[in-house]
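Below you'll find the structure, written out as structure tokens, and then a few comments.
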Amino acid sequence: MLPHKLICVISLFFFFTSSLLIPPSSSSAVLSSITKDHETLLYTLSLYLNSPPQLTNLLLDLSASYSWIDCSNSSTHRSISCNSPLCSAIGSRACAKCFHSPNHDDCSTSPCVLSLLNSVTHKSSTGKAIVEWIALPVTDGRNPGQLRGFSEFFLSCSKKSLLEGLTKGVAGLAGLGRSRFSLTTQVSTSFSSTRTFALCLSGSPSAPGVAFFGSTGPYHFLPEIDLSNTLRYTPLIPNPVHSDYFINLTSIKVNGVTVQLNHNISAVDQQGFGRTKLSTVTPYTTLHSNIYNAFTETFVNESTKLNLTVTNPEEPFKVCYNADEVLDTKVGPTVPTVDLVMDSDDVFWRIFGSNSMVRIARNGVDVWCLGFLDGGIKTETSIIIGGHQMENNLLQFDLEQEKLGFSSSVLAYSTSCSNFNFTTSSNLS
């Protein structure tokens, strides 16, 4: 029997490739499936590139300001020259002379070259800027429908070597950062839709999660639950230096007990470092050492009240408990809750055991470990909220109203991010 994820992909492929593309003048929202690779702990976003459209998998990077692909995966692209206004807008350093003297002899023939980054290995390279055809399925928040595409999607194409260290089978990287050249911004602009997108990451090895673009809701998940009604909101904090999504986290509570910190977690310096950001290429939430030490001490103290005893740690984690001592519930193992408190005490992101703990069963060991890591004292960001803590949480990034909507664990509502219905609907056009 075929696994659920493969059935979804096959269903989407045959429906979309046998349907006419919807003209870009329509204004419906679009979506993409998101899968997790359990070897790299990274997430892959699926879309359609080239003409005719070909299903393409890209690493999902919430912070990257634009997308890039291996050049061999783009067969119908058009290169951008140095004297193009688009090249000037993106700020290609290689073409800097042409921005001031566009009539320079080689400006019309020289390719617009960009700096590219593999956000996992941190290896950098260069690649030419291109525009390519892109398509995504429309959605009413319940199901996917026919493809909608546009031909002027800006991205860059790289050497194949830049893919090293990424999830197997990806063709490049999908940049969802705060930038006019990100996938999210370009989709909203081209389809005249709201500058809002939402992510629901699935930790399932067999069923995908979903991304919605150009929609503030509804977001329906089986059994007929609209998760847009579960959202609380906190401001997205502007950062002129980085394209990451920052929020103003003011304190951390464990079972209602405030973690005593001697580190200002809401401070940011002139280089844009500090504060709290979200990252899909960071597998587990990472804390500045001062925050991590105080947090784990409070967590251990509170766990003793639940009759839990710390056992030998399992790398990369430092706080672990024997699995047979920990009860299980629909929101995960019974451990102290963790609240990320925002701008006021009644606005908090609650992290239950399903997101705070990681099960490790190997070599005769079976433990639940606290899934937070010590980032050291030189970390550029005080707190990086990682992928594991985002799984089965609906996150809505509203770039028009500059706010983040968060649901806390959707398991509490008897659903999950793998419960979106990917059965295609012929009524959506």
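Values quoted throughout were computed directly from the atomic coordinates according to the rules given, and no laboratory measurement underlies them. Nothing here was measured: the structure is a model prediction, and the numbers come from that model. Cβ coordinates were reconstructed from backbone atoms using ideal geometry, including for glycine residues, and neighbour counts include every protein chain displayed.
Label residue 403 and residue 233 with points 7 Å out from Cα along Cα→Cβ: what is the distance between them in nm?
Using points 7 Å along Cα→Cβ, the separation is 0.2 nm.
Let me make sure I get this right: for the stretch 172-262, a, b and c are the square roots of the gyration tensor eigenvalues over alpha carbons, sorted descending. Under 1.5 in a/c it's rounded, otherwise prolate if a/b > b/c, else oblate. Which is it?
Note, shape of the stretch 172-262 comes out oblate.
In debye, nearest 20: dipole of the stretch 114-273 around its Cα centre with unit charges on the Cβ of K, R (+) and D, E (-)?
Charge dipole, the stretch 114-273, about its Cα centre: 280 debye, nearest 20.
Find the Rg to Rh ratio for the stretch 102-207, where Rh is the Kirkwood radius over alpha-carbon pairs and Rg uses the same atoms.
1.02
I'm checking a number: the convex hull volume of the Cα atoms of the stretch 312-429, normalised per residue, in Å³. What is it?
189
Looking at the chain as a GNM with Cα springs under 10 Å, which of 376, 209, 177 has the largest mean-square fluctuation?
Its mean-square fluctuation being the largest, the pick is 376.
Could you work out which residue, out of 328, 226, 346, moves most in a Gaussian network model of the chain, that is, has the largest mean-square fluctuation with Cα springs under 10 Å?
The residue with the greatest mean-square fluctuation here is 346.
Straight distance only, please: which aspartates and glutamates reach the Cα of residue 159 with their own Cα at less than 16 Å, same-chain residues fewer than 8 apart left out?
Correct list for residue 159: 70.
Output the relative contact order of the stretch 308-396, whole-number percent, from Cα pairs under 8 angstrom with separation of 6+ residues.
Computed value for the stretch 308-396: 25 percent relative contact order.
Relative contact order for the chain: what is it in percent, counting Cα pairs under 8 Å that are at least 6 residues apart?
Reported relative contact order: 19 percent.
Taking the Cα atoms only, what angle lies between the long axis of helix 289-304 and the longest principal axis of the chain, rounded to 10 degrees?
40
Classify the stretch 151-210 from the C-alpha gyration tensor, please: rounded if a/c falls under 1.5, else prolate or oblate depending on whether a/b exceeds b/c.
Judged from the Cα gyration tensor, the stretch 151-210 comes out oblate (a/c at least 1.5, b/c at or above a/b).
What is the angle, in °, between the Cα long axis of helix 4-17 and the longest principal axis of the Cα atoms in the chain? Nearest 10 is fine, range 0 to 90.
20
Suppose the chain between residue 324 and residue 289 were pulled fully straight at 0.36 nm per residue; how much longer would it get relative to their current alpha carbon spacing?
My answer for the length gained is 9.6 nm.
Using only DSSP helix segments of four residues or longer, with each worth -39500 (n - 2.57), what per-residue ellipticity at 222 nm results for the chain after dividing by its residue count and rounding to 500?
Counting only the DSSP helices, I get -3500 deg cm²/dmol.
Under a straight-distance cross-link criterion of Cα-Cα below 15 Å, which aspartates and glutamates are reachable from residue 97, leaving out those fewer than 8 residues away in the same chain?
Cα-Cα hits under 15 Å: 105, 106.
What aspartates and glutamates does residue 318 reach when the alpha-carbon gap must be under 12 Å and sequence neighbours fewer than 8 apart in one chain are set aside?
Candidates past the 8-residue exclusion: 297, 374.
How large is the charge dipole for the chain, taken about the Cα centre, if only the Cβ atoms of Lys, Arg (+1) and Asp, Glu (-1) carry charge, to the nearest 20 debye?
In debye, rounded to 20, the chain gives about 800.
At 0.36 nm per residue, minus the direct Cα-Cα distance, what do residue 192 and residue 41 gain on full extension? Give it in nm, one decimal, please.
51.0 nm
Separation between the residue 346 and residue 75 pseudo-spin-labels, each 7 Å from Cα along Cα→Cβ, expressed in nm?
Each label point lies 7 Å from its Cα, and together they span 5.8 nm.
Give 168/378; 36/378; 277/403 a once-over and call out the pairs whose C-alpha atoms are over 21 Å from each other.
168/378; 36/378
Consider a paramagnetic label point 7 Å from the Cα of residue 377 along Cα→Cβ; state which residues of the stretch 281-316 have an amide N under 19 Å from it.
Within reach of a label on residue 377, which here means backbone N under 19 Å from a point 7 Å along Cα→Cβ, the stretch 281-316 contributes 287-297.
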